[in-house]
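Data block below; observations after.
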Amino acid sequence: RIAAFPHTTYSVSNQSSSKSIQAFARILRQSDFNASSMHRLFGAPLVKEEQCTATGPIYARPVTSTYPSKDCPFTFLRKQQQQCSNPDDDDEELLQQQDESKKCLAALFVLGFSLSRNDLVSSIIGSNETVQLMERLGLIRPCSIDPSLMVPCLSIFPLDIRNNNIEQKGNNETLSLFFVTDWHPTVLSTTTVGKEGAVMYIGPDSLALVANWPLVVSKALLSSNFPPADNTSTDDTIAATKTFKILDLCCGSGIQALSVVAILKSFFSVEAKATCVDINQRALQFTKFNAILNDIDNNHVETLVGDINDWDEAIQKHTILRPNGQKQTIPSPLDRVIEFAPYNIILANPPFIPVPTTTLVNNNTDMYNAESSSKRSLSDVISKRYGLFSMGGPTGEAVLESIVRIAPYLSDPNTSVVAIVSEFMNPESTLPERIAGWWSFHPASANKNCRANSTDVLQPDCTDSIGILFTNQIPLSAYVYASRRAGNDEQERQQWEEHLQKTGIHVVSPGFLFIYRFGKNQYLANNEKSRALNKHHQESASCTRLELHHVVVPKSSLGSVWTPHNYETVDFAIQKSKETIKRSIGSCND
């Protein structure tokens, strides 16, 4: 299986044509490969699934190299599915083929089992042609030890999004999407993928941001940005107005941006264009693949490689120098990001693990079966376990801070939202103040009262930006957090705890940060045509202020703030978001 071959590079084929990817998407749909069918297949006890805004098989743990059995529970799955179905006589053969094909896909791409080529050919829709198609796409490959076995190189996460919290109904009650990405680190084990390492798997944080944010805030954005002149709200009125612009920072597989693009199109008939940024080229390759897989035109998706931490400094220098008439070279691809600005929606799931920099002494057998070493950097250990996508610097806030700092320059002051999912350090003490400082600190501004001198720019008489930080009612203590990160390794746990104490991290909570901007519409008419951070945009950014509210999400028996099927928490967050948006729009309209 994949974890048995160290330092082997697996990747979606660069030669994958759009037609081949679209053909595979049809196989997935014909096989009824979606989140709801996975819940039924695995007997997942989801509570009131119809009330959940987004669901996926987040509960399914893929098999690892230490799994006690080498055999896929194929017979068990088949028996279970037969008990759940009662097909009509005329459709029995067709449904049986669909069930067998679905179980093949679930065994390969959700559970991570290797299957024999013969089983795949006899069971999957499309037979040998589909098996060859998956090989060409780089999704499976023959095992080098036993070529009769086909090894799943990547995972495929089915995501169902419902519009049950949207007042305006579209053509689709449920939107089913698919996302190809790398396996969980426990599956990859010693396997090295790509030059920059693995792309983030679809975890509870990724799914929770989709569940908590796009459906409701997209509606709020549409309602505020496109008010019908005759006081009537219709799909045609909205669709004819404007194309939304989305920026996804640390995009990974593209799940956030592509989900929002699909939501706007399917539920609101609104076109959107996304700019997806990641430091890992492999992540952008997945994003392009997933766009085609979900019938999203690649002309609506721009992918850029970039280090966001470098952009923060570049934007600050550019903003300082340009008013003095000096030209500052903007590093690529930041120039492309600026070219498409301002954005209506900025999304981010940044690396957030507070990486220890101390050295871990390991006198036992090397835990990764690599070259033995008496000393190993703990950050190196974490990197092997989680990948580049998890490294948030010593405090866990390195990338988060950069994103919050650059967002005022790139978001539309008139109508935009910044949505970030992350683990937050010390959320009940200094964090809200720090975030507000990151957002409002712009060295280009000499006016401490945050008022622009030019009549051509936004005049923020009211609070320019209003935000809400959601965290759990009961955060994790440093001891519990260190224990969870270190697993069963007591020495590593101690190193974790010492590092957290040194950096002043006492508690940690998963959560969300939403920042809304609904300013007065006082832009020049030609601002929409602006393709750079000109004087107008600079002064607008330097005048931003943020009123940030910390909201503690009540404890629920259904799970935490990141539990996607916890509809109670989702409903609570949605209501608070609506209140925040209403307050922002109302204060700016007074």
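The values are calculated or read from the model by the stated rules, or taken from the named source; none is laboratory data. What you see is a predicted model, and the numbers here were worked out from it, not measured in a lab. Positions of Cβ are backbone-derived with ideal geometry, glycine not excepted, and every protein chain shown enters the neighbour counts. With ligands, DNA and RNA removed, areas are computed over all heavy atoms of the protein, side chains included. Shrake-Rupley method; radii C 1.70, N 1.55, O 1.52, S 1.80 Å.
Would you call K48 over 30 Å from Y567 (Cβ atoms) and modelled with pLDDT under 85? When the stated conditions are applied, K48 does not pass them. Among the residues making up the stretch 251-291, a single one is open to solvent by 20 Å² or more (accessible area, probe 1.4 Å) and among the aliphatic types (A, V, I, L, M): I279.
Out of the stretch 495-516, which residues are touching a residue at least 24 places away in the same chain (Cβ under 8 Å), of a type outside the set (S, T, N, Q) and in a helix (DSSP H, G or I)?
Matches in the stretch 495-516: W496, E498, H499, L500.
Note on the stretch 399-417: residues that are in a helix (DSSP H, G or I) and of a type outside the set (V, I, T) amount to 8. For the residues S144, S114, S155, the requirement of being at pLDDT below 90 and either within 22 Å of L41 (Cβ to Cβ) or among the basic types (K, R) (or both) singles out S114.
If you go through the stretch 293-349 and pick out every residue that is farther than 14 Å from D278 by Cβ, part of a loop (DSSP other than H, G, I, E, B) and modelled with pLDDT of 65 or more, you end up with 7. It is to be established whether one or more residues within the stretch 82-94 are farther than 24 Å from N118 by Cα and at pLDDT 70 or above. No, that holds for no residue. Taking the stretch 429-451 as the range and being at pLDDT 85 or above and not basic (K, R) as the test, the residues that pass are L431, P432, E433, I435, A436, G437, W438, W439. The set of residues from the stretch 541-590 being at pLDDT below 80, open to solvent by 30 Å² or more (accessible area, probe 1.4 Å) and polar (S, T, N, Q) comprises S587, N589.
Within the stretch 15-33, does at least one residue satisfy the condition of being modelled with pLDDT under 85, on the phi < 0 side of the Ramachandran plot and not aromatic (F, W, Y)? Yes, the conditions are met somewhere in the stretch 15-33.
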